[in-house]
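What follows is calculated from the coordinates using simple rules that are stated; it is not laboratory data. As the structure is a computational prediction, the values presented were derived from the model and not from experiment. Note that we place each Cβ from the backbone using ideal geometry, even for glycine, and neighbour counts take in every protein chain shown.
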Amino acid sequence: MTLEEIVTAVQTALGVQADGKAGPETWSAIYKAIVAPTQDDTLAAPEITGVDARSEKNILTLQPEVRSLARALVQKAARAGIEIKIISGLRSYEEQDALYAQGRTAPGDIVTNARGGYSNHNFGIAFDIGVFEGNTYLADSPKYKAVGVLGMDLGLEWGGSWKTIVDQPHFQLRPVWASDLNEKEMLALLRDRVAGGKPVYA
Ligand SMILES: [Zn+2]
């Protein structure tokens, strides 16, 4: 399947005009098709039932403020016919250092440029999703963009909208105190907060 065919298939499944082009208009049409019928729903309300076990396990590693949003994203995607799972949540500084070593001082390919304390994942404010079809994980799918739109609608930042390192599976909830800060400044203050035993969001 070419990318165009996949996009057309997604468009058809979502009931939007199927032209196979993944431009801004397509995503806006997908956005309207998915979000408009559900935007009155109270997504963070208790009727959001449980999600799959793998997602829930990762969600529970996140800051409490992020958990209901992560669950809502899984549910919202499911309602749009897109199966996603939360496949990564909190990583300790040690786990981040081990990832950083990969492809540098340890075998494997380089997977991150962030050492321990330099990734939003180290503070429980970020999570990564995987798109699935049945039990098959899709590393690449136009559906990531559709989910990105849904996440942004929930108030999450989406890694797919970043200009430098585009990271479509990545979502994060920026603390209000960091709204005017760049990533570097935010991470420095997050490290200070954790070192000082202060809450991340308060
Ligand atoms: Zn991530």
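Descriptive notes on the structure:
- Single residue of the range 138-165 satisfying the filter (among the β-branched types (Val, Ile, Thr) and more than 12 Å from the chain's Cα centre (by Cα)) that is surrounded by the fewest Cβ atoms within 10 Å (Cβ to Cβ): 164
- Of all the residues in the range 174-190, those that are farther than 23 Å from residue 111 by Cβ and crowded, with 17+ Cβ neighbours inside 10 Å number 3.
- Yes/no for residue 67 being surrounded by 14 or more Cβ atoms within 10 Å (Cβ to Cβ) and without any contact (Cβ under 8 Å) to a residue 40 or more places away in the chain: yes
- Members of the range 147-157 that are under 20 Å from residue 199 (Cβ atoms) and part of a loop (DSSP other than H, G, I, E, B): 155, 156
- The set of residues in the range 76-104 that are charged (D, E, K, R), more than 16 Å from the ligand (Cβ to nearest atom) and touching a residue at least 40 places away in the same chain (Cβ under 8 Å) comprises 76, 79, 83.
- Residue 117 being of a type outside the set (Phe, Trp, Tyr) and either away from the ligand (no atom under 14 Å from the Cβ) or in contact with a Cys (Cβ under 7 Å, 6 or more places away or on another chain) (or both): yes
- Residue within the range 58-77 that is more than 25 Å from residue 186 (Cα to Cα), of a type in the set (Ser, Thr, Tyr) and assigned to a loop (DSSP other than H, G, I, E, B) present: no
- Where a residue in the range 120-148 is within 11 Å of the ligand (Cβ to nearest atom) and its partner, wherever it lies, is of a type in the set (Gly, Ala, Ser) and assigned to a strand (DSSP E or B), with Cβ under 6 Å and at least six apart: 120/126; 128/88
- Residue satisfying condition, being exposed (fewer than 15 other Cβ atoms within 10 Å of the Cβ), farther than 27 Å from residue 192 by Cα and of a type outside the set (Asp, Glu), within set 135, 113: 135
- Of everything in the range 163-186 that is outside any loop (DSSP other than H, G, I, E, B) and away from the ligand (no atom under 16 Å from the Cβ), the residue that is nearest to residue 56 (Cα to Cα) is 176.
- Cβ pairs under 9 Å, 6+ apart, first in the range 170-185 and more than 17 Å from residue 153 (Cα to Cα), second among the basic types (Lys, Arg): 181/174
- Residue 160 meets the conditions (1) touching a residue at least 40 places away in the same chain (Cβ under 8 Å); (2) within 16 Å of the ligand (Cβ to nearest atom); (3) not in a strand (DSSP E or B) in every case but one. The failed one is (1).
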